[in-house]
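**Q** The structure is given below, and queries will be raised subsequently.
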Amino acid sequence: HEFTNDLNFLDATQKLKVQHDGTVVFNFGKYAGQPVKEVLKKEKNYAHWILEKEFSSQVKQIIRQMMKEL
């Protein structure tokens, strides 16, 4: 597995990405390309699902922080 130097990714597993305007978007699954905060506002259960599954601690930390900011 090759490590990426793409600064647009927020985590090593490339699950979260920053768009040119600074918006953080999902880079996987049914919400790929959609802003994380918008999805979490509508689908709080999705955040809980991510936190319970085998995502990296980096992804979980970012999701927790974004939930606090809502």
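Any read-out appearing in this document is the output of simple, stated calculations on the displayed coordinates, not a laboratory observation. On a predicted model such as this, the values are computed, not experimentally measured, just so you know. All Cβ positions, glycine included, derive from the backbone under ideal geometry; neighbour counts span all protein chains shown.
**Q** Can we say residue 25 is under 10 Å from the mean Cα position of the chain (by Cα), outside any helix (DSSP H, G or I) and among the hydrophobic types (A, V, I, L, M, F, W, C)?
**A** When the stated conditions are applied, residue 25 passes them.
**Q** So which residues in segment 58-70 are touching a residue at least 12 places away in the same chain (Cβ under 8 Å) and part of a helix (DSSP H, G or I), if there are any at all?
**A** 58, 59, 62, 63, 64, 66, 67, 69
**Q** Would you tally the residues in segment 16-70 being of a type in the set (Asp, Glu) and surrounded by 12 or more Cβ atoms within 10 Å (Cβ to Cβ)?
**A** 2
**Q** What residue, among those in segment 17-43 that are in contact with a helix residue (DSSP H, G or I) (Cβ under 6 Å, 6 or more places away or on another chain) and among the aliphatic types (A, V, I, L, M), is farthest from residue 67 (Cα to Cα)?
**A** For segment 17-43, the residue satisfying everything is 24.
**Q** Of the residues in segment 51-70, how many are closer than 16 Å to residue 9 by Cβ and not small (Gly, Ala, Ser)?
**A** Residues flagged as closer than 16 Å to residue 9 by Cβ and not small (Gly, Ala, Ser) within segment 51-70 amount to 8.
**Q** Any residue that is touching a residue at least 40 places away in the same chain (Cβ under 8 Å) and part of a strand (DSSP E or B) - is there at least one of those in segment 34-57?
**A** No, segment 34-57 contains no residue that is touching a residue at least 40 places away in the same chain (Cβ under 8 Å) and part of a strand (DSSP E or B).
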